[in-house]
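Let me begin by presenting the structure, written as structure tokens, before commenting on it.
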Amino acid sequence: MRQIDATLKPRIRRRSVFEYVAWIVSILFAAGILYSVATNPNFQWAVVAEYFTEETILRGLLMTIVLTVISMVAGTLLGLGLAIMRSSSIKPVAAIASVYITFFRGTPVLVQLIFWFNIAALYPNLTIGIPFTQFQQEVDVNALMAPVTAAIIGLTLNEAAYMAEIIRGGFTSVGKGQIEAADSLGMSGATKMRKVIIPQAMPSIIPATGNQVIGMFKETSLVSVLGVAELLQSAQLIYARTYQTIPLLIVVSLWYLVMTLILSYPQSLLEKKYSHSSSVIPRKARKVVPPEPDDVTAPVTLTDQEGVSR
């Protein structure tokens, strides 16, 4: 018969008087704020409703989503490469990755965006090709570095630095015994990374990546300084013409809130999945044949803690 671990039983907590008082004060405070927001005519809720699904706002929202997807995908791939370099035993390779991560994490992303947008001041022309051959092509950096291009480059390079640290943290969560077992089987470095380290590091990496996606979605508002017509810039173009600043900012805030809630749902599912997979014992692992003195063939069921420890 399966034993029930006492630590897994639900706990019944007795609520104190202070907790009931805190509930009443919180509800009254929230009701007061909602009443003030709903009845204050300066919020202009009719204007908010008018522009919430306006075409310019929706195009800006689409641009925000596109920037988020491209920057996250490219930043994750570049971050994976940086994490591998940072974990390398070759010192110069690890040093290059370390300098990159330190620089991009240590400077504001807004400054980086403006820098990339004005990179043509340093390098007006670039020559791409194979040295000492005729295969060379000159590129006009000023024409290449459009606002959208500078936004994607700036967000991607900055995100790669953060993703590199997240992925490297996942690498360090893999047990040393697993790596030694892979070494004993004669796996190469690439095979060990692909078949042993990365699959076992994913439970640590994916939940943190979900937080980065939500952060990136809101961080795209910074590219409005470059003139990219994302969500905030689209609202700014409208209220520069109509002078309805507050209602348009409410529209932008509501869209950011809606999208954040939508992105939070799959993130919470991933967190539950990986936290569950790391705490629940597989069925096959529950049944083992213990070395009992009187009956060595009788199966015994382990408790959750016993299974996890073993």
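The values are calculated or read from the model by the stated rules, or taken from the named source; none is laboratory data. None of these values were measured; they are calculated from a predicted model. Accessible surface areas use protein heavy atoms only, side chains included; no ligands, DNA or RNA. Shrake-Rupley method; radii C 1.70, N 1.55, O 1.52, S 1.80 Å.
Would you mind calculating the gained length between VAL93 and PHE29 on full extension (0.36 nm times residue separation, minus the Cα-Cα distance), in nm to one decimal?
17.5 nm
Measure off, as a whole percent, the carbon and sulfur share of the 1.4 Å-probe accessible area of region 21-177, all protein chains present.
72
For region 34-83, just the Cα atoms, rotate onto the principal axes and tell me the three extents in Å, largest first.
Over region 34-83, Cα extents along the principal axes are 54, 26, 11 Å.
Which value results for Rg/Rh of region 157-202 when Rg is the Cα radius of gyration and Rh the Kirkwood radius based on the inverse mean 1/r?
1.06
Using the Kirkwood radius built from alpha carbon pairs, what does the Stokes-Einstein equation give as D for region 99-151 at 20 °C and 1.002 mPa s, in µm² per second?
It diffuses with D of about 168 µm²/s by this estimate.
Averaging over all projection directions, find the projected area of the Cα convex hull of region 154-232 and quote it in nm² with one decimal place.
Averaged projected area of region 154-232's Cα convex hull equals 6.0 nm².
Grab the Cα-Cα distance for LEU237 and VAL73, subtract it from 0.36 nm times how many residues apart they are, and report the gain in nm with one decimal.
This chain segment gains 56.1 nm when fully extended.
Give me the three principal axis extents of region 60-192 from the C-alpha atoms, as integers in angstrom, largest value leading.
Principal extents (Cα only, largest first): 54, 46, 26 Å.
Quick one: give the max-minus-min coordinate of the C-alpha atoms of region 32-116 along each principal axis, largest first, in Å.
Largest first, region 32-116 extends 64, 31, 23 Å along its Cα principal axes.
Over what distance in Å are the Cα centres of region 178-245 and region 28-81 separated?
That distance is 19 Å.
For the chain, what are the per-bin percents of Cα-Cα distances with bins 10 Å wide, up to the bin holding the maximum?
5, 16, 21, 21, 18, 11, 5, 2, 0
Might you tell me the accessible area per residue for the chain, computed with a 1.4 Å probe and given in Å²?
Numbers: 20040 Å² over 310 residues.
Accessible area per residue, the chain: 65 Å².
At 222 nm, what helix-only mean residue ellipticity would the chain give, in deg cm²/dmol to the nearest 500, using -39500 (n - 2.57) for each DSSP H run of four or more?
Dividing the helical sum by the residues of the chain leaves -22000 deg cm²/dmol.
Do any of LYS192/LYS218; LYS195/LYS273; LYS9/LYS272; LYS91/LYS176; LYS91/LYS272 go past 26 Å between their Cα atoms, and which?
LYS192/LYS218; LYS91/LYS272
Share of region 210-258's accessible area from carbon and sulfur, percent, 1.4 Å? Spell out each step's value before the answer.
On the way: 1310 of 2070 Å².
Ligands and nucleic acids excluded, carbon and sulfur give 63 percent.
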